Amino acid sequence: MKNREVAAALRELADSMELLGEDRYRVANYRDAATRVEHHHEPIEVMAEEHRVEQLHGIGKSIGAKIVEYLETGTLAAIEERRPRVPQAALRLMQIPGVGPKRAMQFAQELNVQTIADLQAALDSGQIAALPRLGEKIAEALRIELQRLDARSQRLPLAIALPAAEEVMRQLRACAEVQSVAVAGSIRRWRETTGDIDILVASSDPTVVMEAFTRLPVVKQVLGAGDTRASIVTVADVQIDLRVVAPESIGVALQYFTGSKEHNVKLRALAVRRGLKVNEYGVFPADDDSRNLGSRSEEEVYAALGLPWIPPELREGAGEIEMARRGALPVLVSESDLRGDLHTHTRLTDGSSTIAEMVRAGLERGYAYLAITDHSQALGITGGLTDDELRAEHAQIRELQPEYPTMQLLCGVEVDIHIDERLDCSDEFLESCDVVVASIHSALQKPRSVQTSRLISAIRNPHVDVIAHPTGRLLGRRPGYEIDLAAVLDACASHGVAIEVSGQPSRLDLDADGIRAALERGVKLVLNTDSHAADQIGELMRYAVGTARRGGATAESIINTRDFAGLQRWLRREHT
Ligand code: DGT
Ligand code: CA
Ligand code: CA
Ligand code: ZN
């Protein structure tokens, strides 16, 4: 899979263009394309072969041609032609978030900083802080970015790890000796990033399974292989640990390898207090290895310890065992509880599907309702729409409605919140919408107090229903803008505005901690996909659900688990 390699080439081109002071919209387009290619689950070379590269949202003819060129030649003429004019050290330094083209040039030329290690040394010796227009504050921010860079290069976004795990599990099922296969570890807990993939197989013939695993086509390198466990690296540079266990021990093995480590440590301590012990074969009385009290299923294992089954998403050793003992575990929301999606885009802005294609995807999923919420005009790059253009879109949506008697189509907008706290659409237009999603897309560097009051002013607008991707973080790329989340959530609670949990794999925003804070305040959640293509409607909701479950959300705490009448009652509420 060459997605990361292609993404790196597109990014190098974007950086080169930026260093040379070229058009910033084109630069942004290349970066955006790079991210999409990188996070796409399908090998880009397969898409190229089948002439489907332009199916990727945000990738048109020109970028599509560059991807094909790179795959065919291993380079891009556009990079080569610029190379003599681009200082290579500056290019490397631009990989660090917080280092733009101007600073990269300054470090390279004034301090002869060539590499990230050089930059670290220059920070440590105080040379960076001493540069004109810099100072200790910026130097400190750079130090933090370098640490982050270090920490994140080793962890993989869930949206890459999970599809990779699923593909390997699919291939393993083809082996006749595989009785069952399951993913364990942090992926089963829906952590947003993953160190490695853990897969468990139940089989009575481990030798055959080991053979099959180490010979899968995705295997690039076998790191180690024993009788019942092996580690490999895939062609996409993802590490996978496989363990094969006897069918009668699969429950206890799944429990152990799902973790987290903290959860397991606490569980083991509880076992000891109850005169029991847990090992890879099961749960036993401390003094009697012959009486296995539970090993076939996780339910059995937890029951042997006197506990109800604990959902994997809660197994972080953060109080869930105590809750289970008290019988106070929440009944977490599940994917089948969701009745609709309240945040989607079409080709009229930065989506790649038509309204009809989006609607059909919603129908296929069996939704009772679907909102189309294209961008408002401020989002120039993404083709944001004026009030009148949005009205015209709404008219098109209403015309489609009669064709879909079982699904309600909602006319909405994702309205941008300006830095001066104004909303990007008139109140009169917002009032005409069935649903209004508000969000921040610009001026992300402003201080916390500014961003907080920016969001709160949107929450106070009586037409706003949902705050979308509330912190603005992009996993592995940038932290969110600074906000006082508690103040934002308090405002949501008093104005009856809901907070989004985005299923976009690069967002997962709010995250689990934020969700807990929202639930504590009685703030309602909305689980959305923010789909930019029809296939995302079906694919991405599970990421929102996994994140919500990590935050302890029940179906009752989520608006779009309600039927249409219930949704309407909520939408029509007085917001003030
Ligand atoms: P990751 O891979 O860093 O995203 O996180 P995990 O949770 O997948 O961790 P990993 O792959 O090292 O191990 C998988 C599970 O195996 C882990 O969640 C719990 C169990 N485990 C691994 N090492 C230990 C250990 O030293 N003690 C205990 N109690 N459990 C462990
Ligand atoms: Ca793992
Ligand atoms: Ca592992
Ligand atoms: Zn959106």
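Miscellaneous remarks
- Scanning segment 276-316 for residues that are more than 20 Å from E248 (Cβ to Cβ) and open to solvent by 40 Å² or more (accessible area, probe 1.4 Å) yields A286, D287, G306, P308, E316.
- Scanning segment 19-41 for residues that are open to solvent by less than 60 Å² (accessible area, probe 1.4 Å) and either over 25 Å from T349 (Cα atoms) or assigned by TED's automatic domain parsing to the domain that holds L348 (or both) yields L19, L20.
- Any hit, segment 231-250, residues being among the basic types (K, R) and more than 9 Å from ligand 1 (Cβ to nearest atom): yes
- Scanning segment 217-254 for residues that are within 16 Å of ligand 2 (Cβ to nearest atom) and in contact with a Phe, Trp or Tyr (Cβ under 8 Å, 6 or more places away or on another chain) yields A230, I232, L242, R243.
- Residue list for segment 237-290, filter: at positive phi and assigned to a strand (DSSP E or B): G282
- For segment 229-262, a residue qualifies if it is aliphatic (A, V, I, L, M), surrounded by fewer than 19 Cβ atoms within 10 Å (Cβ to Cβ) and within 13 Å of ligand 3 (Cβ to nearest atom), and exactly one does: V233.
- Residue match in segment 172-180 (condition: within 16 Å of ligand 2 (Cβ to nearest atom), in the same structural domain as T234 (by TED's automatic domain parsing) and either free of Cβ contacts under 8 Å to residues at least 40 places away in the same chain or touching a Gly at 6+ places or on another chain (Cβ under 6 Å) (or both)): no
Each row is one residue, and each column tells you yes or no for (1) free of Cβ contacts under 8 Å to residues at least 40 places away in the same chain; (2) under 26 Å from R391 (Cβ atoms); (3) within 16 Å of ligand 3 (Cβ to nearest atom); (4) surrounded by fewer than 20 Cβ atoms within 10 Å (Cβ to Cβ).
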{"position": "A438", "(1), (2), (3), (4)": "yes, yes, no, no"}
{"position": "L444", "(1), (2), (3), (4)": "yes, no, no, yes"}
{"position": "A458", "(1), (2), (3), (4)": "no, yes, no, no"}
{"position": "V464", "(1), (2), (3), (4)": "no, yes, no, no"}
{"position": "V488", "(1), (2), (3), (4)": "yes, no, no, no"}
{"position": "I499", "(1), (2), (3), (4)": "yes, no, no, no"}
{"position": "R507", "(1), (2), (3), (4)": "yes, no, no, no"}
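- Which listed residue is of a type in the set (D, E), over 19 Å from P312 (Cα atoms) and in contact with a strand residue (DSSP E or B) (Cβ under 9 Å, 6 or more places away or on another chain), from D227, D241: D227
The values are calculated or read from the model by the stated rules, or taken from the named source; none is laboratory data. Every value quoted in this text rests on a predicted model; they were computed, and no experiment measured them. Quick reminder, even Gly has a Cβ in these numbers, built from the backbone with ideal geometry, and neighbours come from all protein chains shown. Side chains included, ligands, DNA and RNA excluded: accessible areas come from the protein's heavy atoms. Shrake-Rupley method; radii C 1.70, N 1.55, O 1.52, S 1.80 Å.
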